[in-house]
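Beneath this line is the structure, given in structure tokens, with notes to follow.
The values are calculated or read from the model by the stated rules, or taken from the named source; none is laboratory data. What you are looking at is a predicted structure, and each value in this text was computed from that prediction instead of being measured. Note: ideal-geometry Cβ built from the backbone for every residue, glycine included; neighbour counts use all protein chains shown.
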Amino acid sequence: MTKIAHTEAKQLAQQYGTPLFVYDEKMLCAKMDDFTKYFQSDAIETGVIYASKAFCCKAMVQLAAQHGLYLDVVSGGELYTALKAGFDPERIFFHGNNKTPQELSMALKNHVGTIVVDNRREALRLKELLADSDTSVHVLLRINPGIEAHTHKYIVTAHVDSKFGIALVQEDEVIETIRILQETNGIIFDGLHVHIGSQIFAQDAFTDTVKKVFGFAKHLQDAYQIDVHTVDLGGGFAARYTDEDAPIPVKDVCQAILNACTEANASLSAPVRRVMIEPGRSIVGEAGYTLYTVGSLKKTPNRHYIFVDGGMSDNIRPALYQAKYDAVLDGKEDAPAADTYTIAGKCCESGDIIIDAIALPEAEENDLLIVKTTGAYGYSMASHYNRMLMPAVVFAKDGDSRLVIRRETYDDLIALEV
Ligand code: LLP
């Protein structure tokens, strides 16, 4: 987790205001470099795709490009951001369970490298769009391997009735969809995609997925003469939010996955040639933190509240997934705990809690509260509830900082109104 210097936090809050998302740019780069360094193998081609849904803006996409990552987008909006950032479209993977015809056309027109098809209907839609186009595109089919990922039920994606991909138990549907893809002019069918869930701590979940998907690739080969060139294993690597979290080190999980791939490949007569992963949270989560200003403090019979100037509008994760966070009062890190506080935001909702219970030193109005590990799915899931303004986002590095997203204004808020 980022250690934040008191002078840095104070200066950033003064310069940019609060609430403020701050990213340690060096840590962002180090996380990306870790993945590209350790997800390497002599036996198989590899690629690391940044899942931009975790935090998407032009500056982040550009950083991913500079560090040799591919990019995962899941909507026309993320695709537009990537294109405006100058990201090489050939290196973009376009995901999503219900891409609209407009989004698919946008991808084809802009020469997106790979589309990850979710279902048979989408394969047909793509076929229709390609009928009057001379473009070609690589395609992966998302399958659902039915792996239990032991994470929050909202972020598990591979149970049998998941809305994502085609379940392996529906083999006829999988084969029929692959045949549509193979027979369509302009589609280069590359292979399979899976993503089993997010914030996963168990290495077995990843290696079991490899076994299952490569096993299925062998079955496709033996029973249907279908060649699987690429397997994209998705993301899901955990981040450390509190001391209770112990994510598998990137080096270990990458090696375990690659070893499992090499082992599984040995049983295939035509081996899988390329394996990809799609980390999002594990790249941006711990590199980001949120600065809030403490407003009122309030004691109720059973709670001591610290109210901050943001809330569920910039961090919905505690309300949505009961996510846990750690925080410090800036400049008081070494002071003894004075009480157990509840950190609440300013939105009109009782569930607007950032941290349910945390021991902190004596808090006072105008203190700066630093909530750690907010870099993933914080800004990207922010909302306008109560017409709260989107916070600013800065990248900090070597005592310097640059604004990458400015704070929203009240005029921005009503700008869409006619
Ligand atoms: N690839 C695919 C196809 C995905 O659906 C996702 C995340 C990822 C990659 C990246 O997963 P990561 O490495 O970040 O775990 N809003 C939730 C997380 C939802 C994740 C959705 N898909 C949260 O705040 O916990």
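Some points to look at:
- Scope region 59-88; condition touching a Ser or Thr at 6+ places or on another chain (Cβ under 6 Å) and more than 27 Å from LYS251 (Cα to Cα); matching residues: GLU78
- For region 233-248, the set of residues classified as of a type in the set (A, V, I, L, M, F, W, C), more than 14 Å from ALA287 (Cβ to Cβ) and in contact with an Asp or Glu (Cβ under 7 Å, 6 or more places away or on another chain) consists of ALA238 only.
- Residues within region 307-342 that are more than 22 Å from SER383 (Cβ to Cβ) and not charged (D, E, K, R), tallied: 9
- So PHE87, is it at pLDDT 95 or above, buried (at least 23 other Cβ atoms within 10 Å of the Cβ) and more than 19 Å from PHE237 (Cα to Cα): yes
- Taken together, LEU258, LEU220 contain a single residue that is in a helix (DSSP H, G or I), among the aliphatic types (A, V, I, L, M), more than 25 Å from the chain's Cα centre (by Cα) and modelled with pLDDT of 95 or more, which is LEU220.
- Scope region 113-130; condition in contact with an Asp or Glu (Cβ under 8 Å, 6 or more places away or on another chain) and crowded, with 20+ Cβ neighbours inside 10 Å; matching residues: THR114, VAL116
- Filter pass, GLN199 being farther than 17 Å from ALA260 by Cβ, in contact (Cβ under 8 Å) with a residue 40 or more places away in the chain and within 16 Å of the ligand (Cβ to nearest atom): yes
- GLU365 vs. criteria surrounded by fewer than 16 Cβ atoms within 10 Å (Cβ to Cβ) and either modelled with pLDDT of 95 or more or of a type in the set (A, V, I, L, M, F, W, C) (or both): yes
- Qualifying residues in region 144-169 (those that are closer than 16 Å to LYS211 by Cα and within 12 Å of the ligand (Cβ to nearest atom)) - the one modelled with the highest pLDDT: ASN144
- Candidates LEU141, LEU129, LEU181, filtered to the one that is within 14 Å of the ligand (Cβ to nearest atom) and modelled with pLDDT of 95 or more: LEU141
- Subset of region 220-258 (residues that are touching a residue at least 12 places away in the same chain (Cβ under 8 Å), away from the ligand (no atom under 16 Å from the Cβ) and polar (S, T, N, Q)): GLN221, GLN255
- Among the numbered conditions (1) surrounded by fewer than 20 Cβ atoms within 10 Å (Cβ to Cβ); (2) within 13 Å of the ligand (Cβ to nearest atom); (3) of a type in the set (A, V, I, L, M, F, W, C), the only one that ALA65 does not meet is (2).
- Only a single item in (1) of a type in the set (Val, Ile, Thr); (2) away from the ligand (no atom under 16 Å from the Cβ); (3) touching a helix residue (DSSP H, G or I) at 6+ places or on another chain (Cβ under 8 Å) is not met by THR262, and it is number (3).
- In region 274-313, the residues that are more than 9 Å from the ligand (Cβ to nearest atom), farther than 18 Å from ARG240 by Cα and within 16 Å of the chain's Cα centre (by Cα): MET276
- Screening LYS163 against (1) in a loop (DSSP other than H, G, I, E, B); (2) within 18 Å of PHE94 (Cα to Cα); (3) in contact with a Lys or Arg (Cβ under 9 Å, 6 or more places away or on another chain) leaves a single unmet condition, (3).
- Screening ASP208, ASP227, ASP243 for residues that are in a loop (DSSP other than H, G, I, E, B) and over 22 Å from GLU45 (Cβ atoms) leaves exactly one candidate, ASP243.
- Scanning region 256-272 for residues that are in contact with a Leu (Cβ under 9 Å, 6 or more places away or on another chain) and over 16 Å from LEU233 (Cα atoms) yields no hits at all.
- Test result for LYS58, within 13 Å of the ligand (Cβ to nearest atom), closer than 29 Å to ALA382 by Cβ and assigned by TED's automatic domain parsing to the domain that holds ILE115: no
- Among the conditions (1) within 18 Å of THR18 (Cα to Cα); (2) at pLDDT below 95, the only one that TYR379 does not satisfy is (2).
- Among residues of region 270-318, those that are in a loop (DSSP other than H, G, I, E, B) and under 20 Å from GLU349 (Cβ atoms), counted: 11
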